[in-house]
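Structure, as structure tokens:
Please treat every number below as a calculation from the coordinates, not as lab data. All values derive from a computational prediction rather than experimental measurement. When we count neighbours, we look across all protein chains shown, and the Cβ atoms used for this are built from the backbone with ideal geometry, even at glycine.
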């Protein structure tokens, strides 16, 4: 695979890991967030500093970046997840910007707005895809476990879930922590791919981009989240030659899907063998059978 194509696949894998984290928190736990770029920033800077200054092996540095982001998310979630609805969304926006500003002004450690150069290029395509496969398997096991069902109960009706005995506060904080870990790992991989990071790379626009891919793919569908991320990443790259119109086309794709299919590409369905069989069965039906009941 050529260098450019390998770079696109690598970037796609990184975006998918971050989107899975946001999907867990927003799509499966039902808490809308605009601050997850801050956790990516924590993971990116933690991995870069661990390698450049502490000479830590790159694989360990990636995991360390994810763990630090998870700890930060957990500590943030303890006081803030008592908020519900739009109140938490506003709080997450402020917290994401606060993380970025701390990194930007902590010049002695992060080099501030000048950015952090000289990061070794440890994020190759096999590394990024390998992390994606392992973390996607882990995520699908999680959402189909008892924890996943508890997250969905918190999303559907957290008051009813509380009355049924679920510790909704604990599950919401746990969901945010796991979500932060995924975004932290994605940030660490991004640092090893870009070789240079700046705080401005993790601003509110990045958080909005992550949320939009999750909504585009379908809230409550992890495979839809991955599919939506792939489509939007490829659309952005395919129209790079006409860069002045690239984001316009990106926005139009989002608007068209939201108008034509408000629940997202997959809604709450997952890409399974049975799902593909249903699609093939629908297309194989006779035209007269498809039109039953239309008269």
Report, by residue number, each residue of the stretch 143-156 that is touching a helix residue (DSSP H, G or I) at 6+ places or on another chain (Cβ under 9 Å) and either free of Cβ contacts under 8 Å to residues at least 60 places away in the same chain or over 30 Å from residue 62 (Cβ atoms) (or both). 147, 149, 150, 153
Find the residue count for the stretch 6-33, including only residues that are over 16 Å from residue 132 (Cβ atoms) and part of a helix (DSSP H, G or I). 4
So which residues in the stretch 36-73 are within 26 Å of residue 155 (Cβ to Cβ) and over 17 Å from the mean Cα position of the chain (by Cα), if there are any at all? 71
Pairing a residue in the stretch 131-142 that is more than 21 Å from residue 190 (Cα to Cα) with any residue that is in a helix (DSSP H, G or I), where Cβ atoms lie under 8 Å and the two sit 6 or more apart in sequence or on different chains, gives 140/222; 142/24; 142/148; 142/178
Regarding the stretch 30-49, can at least one residue be identified that is more than 27 Å from residue 149 (Cβ to Cβ) and surrounded by fewer than 21 Cβ atoms within 10 Å (Cβ to Cβ)? yes
May I ask you to verify whether residue 120 is more than 15 Å from residue 180 (Cα to Cα), assigned to a loop (DSSP other than H, G, I, E, B) and more than 21 Å from the chain's Cα centre (by Cα)? yes
How about the stretch 57-116: which helices (runs of 4 or more DSSP H) wholly inside it have at least 2 residues that are more than 24 Å from residue 197 (Cα to Cα)? 58-80, 86-105
Residue in the stretch 80-91 that is in contact (Cβ under 8 Å) with a residue 40 or more places away in the chain, buried (at least 24 other Cβ atoms within 10 Å of the Cβ) and under 17 Å from the mean Cα position of the chain (by Cα) present: no
